[in-house]
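Peer 1: Quick one: structure below, then a few questions.
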Amino acid sequence: MSIAFFNIKGGVGKTSLAVNFALQHDYAIVTNDLYTQLERALPEGKILKVGPGEPFPEIPGDAPVAYDLGGYIDPRIIPVLTRVSHVVVPVLDEDNDIQVTAQAIAEIRQHNPNLVVVPNRLDRDDDAMRIINILVGLEVVDAKTQFFPIKRSKGFSYAMRDGRSIRQQMADNKLMNRAYHAVATQFDALSRYLLQPV
Ligand SMILES: Nc1ncnc2c1ncn2[C@@H]1O[C@H](COP(=O)(O)OP(=O)(O)OP(=O)(O)O)[C@@H](O)[C@H]1O
Ligand SMILES: [Mg+2]
């Protein structure tokens, strides 16, 4: 089951979500972002960086790969968006982010209908509903679109730094269980949905 994490908007959590997912489920990451320090989080054999103008490798759609894709929808990205089982689109609770994300969603939909919108880095539970309502109002989502909110948590930057998923961090240090319980539960719900056969 391969999955793309994509948004035209930067800084929304594509890499953070992709890395935590890859660590938790033993996925590889393929990315067109040469500068993200994935090497800190994942072993060499689990990372593939695709340089500008280089073709994306032809990996079958059912391989355990998470694509961390930044930037505009360049022609190389389209076959990837088409073959993955789901496209995860993180969005932050900022009006500008939501507007740009609405445009991204409209474009992605032309290539893959299996959209999963992740209102991310949330401070309050109702912020997710606000984001969802705006996207519904802009008519870019439909009844098939799935939403999985994710709270703000330091666990994502520690996962990047130490190569330990939020669940692994909880297992390493039981004191983290309380702090991470809610976000880990949210992330498990997202994971379960992404891993079920389409
Ligand atoms: N749920 C979260 N809770 C707390 N911090 C988060 C969360 N998700 C992402 N972040 C933080 O937000 C920042 C941006 O995240 P990230 O780098 O994953 O976004 P991105 O979409 O990959 O950005 P870019 O477009 O630069 O590649 C990082 O500092 C990251 O640690
Ligand atoms: Mg990134």
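Laboratory data are not the source of any read-out in this text; all were calculated from the coordinates shown. Keep in mind it's a predicted model, so treat the numbers as computed, not measured. Counting neighbours? That spans all protein chains shown, and the Cβs are built from the backbone with ideal geometry, glycine included.
Peer 1: List the DSSP H helices in the chain whose Cα atoms stretch 15 Å or more along the helix axis and whose mean Kyte-Doolittle hydropathy is at least -1.0.
Peer 2: Those that clear 15 Å and a mean of -1.0 are 14-25, 95-109, 125-137, 177-195.
Peer 1: Further question: Between Asn114 and residues 5 or more places away or on another chain, which pairs have amide H atoms under 5 Å apart, with H built 1.01 Å from N, and which residues are they?
Peer 2: So Asn114 has HN proximity to Val87.
Peer 1: May I ask which residue of His111, Ser16, Val141 lies farthest towards the positive end of the charge dipole of the chain, with charges of +1 (Lys, Arg) and -1 (Asp, Glu) on Cβ and the Cα centre as origin?
Peer 2: Ser16
Peer 1: Taking amide H positions as placed 1.01 Å from N in the peptide plane, with prolines and chain starts having none, which residues 5 or more places from Ile47, or on another chain, fall under 5 Å of its amide H?
Peer 2: Correct list: Ile29.
Peer 1: Test of understanding: what is the full-extension gain from Phe56 to His181, defined as 0.36 nm times their sequence separation minus their Cα-Cα distance?
Peer 2: 41.3 nm
Peer 1: Quote the charge dipole size of the chain about the Cα centre in Debye, to the nearest 20; the model charges only the Cβ of Lys and Arg (+1) and of Asp and Glu (-1).
Peer 2: Here the chain has a charge dipole of around 540 debye.
Peer 1: Set the bar at 24 Å for Cα to Cα. Now go through Lys14/Lys154; Lys49/Lys151; Lys46/Lys144; Lys14/Lys144 and name every pair that lies beyond it.
Peer 2: Check vs 24 Å cut-off fails for Lys49/Lys151; Lys46/Lys144.
Peer 1: Name the chymotrypsin sites (Phe, Trp or Tyr not before Pro) in the stretch 27-133 that are in a loop by DSSP and that have at most 16 other C-beta atoms within 10 Å, would you?
Peer 2: Sparse-neighbourhood loop chymotrypsin sites (Phe, Trp or Tyr not before Pro): Tyr35, Tyr72.
Peer 1: Would the stretch 111-198 count as rounded, prolate or oblate if I go by the C-alpha gyration tensor, calling it rounded below 1.5 in a/c and otherwise prolate when a/b exceeds b/c, oblate otherwise?
Peer 2: It comes out prolate by the Cα gyration axes.
Peer 1: Let a ≥ b ≥ c be the square roots of the eigenvalues of the Cα gyration tensor of the stretch 3-195; is it rounded (a/c under 1.5), or, if not, prolate (a/b larger than b/c) or oblate?
Peer 2: It is oblate, given that a/c is not under 1.5 and a/b is not larger than b/c.
Peer 1: Given the options Ile131, Ser191, Leu175, identify the residue whose Cα lies farthest towards the positive end of the charge dipole of the stretch 120-198 (+1 on Cβ of Lys, Arg; -1 on Cβ of Asp, Glu).
Peer 2: Leu175
Peer 1: Right, something else. Taking every DSSP beta bridge that has both residues in the stretch 3-195, what percent is antiparallel when rounded to the nearest 5?
Peer 2: The answer is about 0 percent antiparallel.
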